[in-house]
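Undergrad: Submitted below is the structure of interest, expressed as structure tokens.
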Amino acid sequence: MAALASNRRQFLKFLGTAAVIGSVAPNVWAGAAGKNASLTILHTNDVHSRLDPFPMDGSRNAGKGGVARRATLVQKIRQENPNVLLFDAGDIFQGTPYFNLYKGEPEILAMNRLGYDAGTIGNHDFDGGIDNMVTQFGKAKFPLLIANYDFKNTVLDGRTKPWQVFEKDGIRVGVFGLGIQPEGLIPKDAYREMKYLDPVEIGNDTAAKLRSAEACDYVICLSHLGYKYDNEPKVSDVVLAGKTRNIDLIIGGHTHTFLDAPVVANNLDGQPIWINQVGFAGINLGRIDLMFERGKATLTGQSVEVKS
Ligand SMILES: [Zn+2]
């Protein structure tokens, strides 16, 4: 993959799992002299209504995952570091009988209990139709961020946001969402008059706004575009990374890609951009630790298996 800068990749063993370390633009943080700040970003994607662990049926994922275990892990990390943000990259719905019976309500209520800070929208989140999204997203205590789906003339108009800024320990974190092309993936009567806008163009515009007008120190894209496509000319996280600037981290979904640690790519300006994705079903939790010192920022990232 030409877009990946192998010289920037630096792997080390960290707590028994693969981790990657790196730095972000050195001028990013202008905090007070002598003050350090830290932030831990946790993330999931494609949880697909997997509230319980996989059944003990001898299959590959038997006994793994489950929302109760994830809650315990997130709570433990929050006790260690008060500055935590928790995100989801879409496809919350579909995959177990919970969805068929309850249309996504227990998934959203569980995410409320876990204290998710934001999520984006995946193609399967349309599986109960757009009216069901209004009902279920209406129960969410966190915003659904999506910048390239225009819901004007639909019942979801005004119910989602393109981006949001979170401030933790003096660090301004700008977060926005990007969704996949619905045509051929989502039945038209499920998304109706929603318009799909070019994720690269919207991604660039939104990230620039977050970096400049909103003065964000760190910019995150929650993406349901998919990690990469080898033989298809489709926009993926790898493509988005190489064609944009001002994004520091892409938290991806859709392709159910298990990365042990974030992959470091080059953006349009040759600056490092991180991409992570943690498979599916809540088996793993993504974790990025950011440490800001005045004029300097370092980060480590890994995927942690959700176990108790
Ligand atoms: Zn998907």
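Undergrad: Which one of PHE99, PHE142 is more than 15 Å from TYR191 (Cα to Cα), crowded, with 17+ Cβ neighbours inside 10 Å and away from the ligand (no atom under 16 Å from the Cβ)?
TA: None of the other options fit; the residue is PHE142.
Undergrad: Let me ask something additional. If a residue must be open to solvent by 10 Å² or more (accessible area, probe 1.4 Å), aliphatic (A, V, I, L, M) and at pLDDT 95 or above, how many such residues does the range 269-295 contain?
TA: The qualifying residues number 0.
Undergrad: For the range 207-255, which residues satisfy the criterion of being open to solvent by 10 Å² or more (accessible area, probe 1.4 Å), under 19 Å from GLY279 (Cβ atoms) and within 16 Å of the ligand (Cβ to nearest atom)?
TA: TYR227, LYS228, TYR229, HIS254, THR255
Undergrad: Name the helices (runs of 4 or more DSSP H) wholly inside the range 79-186 in which the number of residues that are modelled with pLDDT of 95 or more and within 17 Å of the chain's Cα centre (by Cα) is 3 or more.
TA: Answer list for the range 79-186: 105-114.
Undergrad: Then there is this: What's the total number of residues in the range 264-298 that are closer than 27 Å to LEU114 by Cα and touching a helix residue (DSSP H, G or I) at 6+ places or on another chain (Cβ under 8 Å)?
TA: 5
Undergrad: Another question, if that's okay. Which one of these does PHE126 not meet: (1) more than 28 Å from PRO106 (Cα to Cα); (2) surrounded by 15 or more Cβ atoms within 10 Å (Cβ to Cβ); (3) among the aromatic types (Phe, Trp, Tyr)?
TA: Checking PHE126 against (1) more than 28 Å from PRO106 (Cα to Cα); (2) surrounded by 15 or more Cβ atoms within 10 Å (Cβ to Cβ); (3) among the aromatic types (Phe, Trp, Tyr), the one that fails is (1).
Residues are listed down the side, and each one gets a yes or a no for (1) among the small types (Gly, Ala, Ser); (2) crowded, with 17+ Cβ neighbours inside 10 Å:
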| residue | (1), (2) |
| --- | --- |
| SER49 | yes, yes |
| GLY58 | yes, no |
| LYS64 | no, yes |
| THR72 | no, no |
| GLU80 | no, no |
| ASP88 | no, yes |
| GLY119 | yes, yes |
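The values are calculated or read from the model by the stated rules, or taken from the named source; none is laboratory data. Computed from a predicted structure; not experimentally measured. Every residue, glycine as well, gets a Cβ built from its backbone with ideal geometry; the counts of neighbours run over all protein chains shown. Keep in mind that these areas ignore ligands, DNA and RNA; they rest on the heavy atoms of the full protein, side chains included. Shrake-Rupley method; radii C 1.70, N 1.55, O 1.52, S 1.80 Å.
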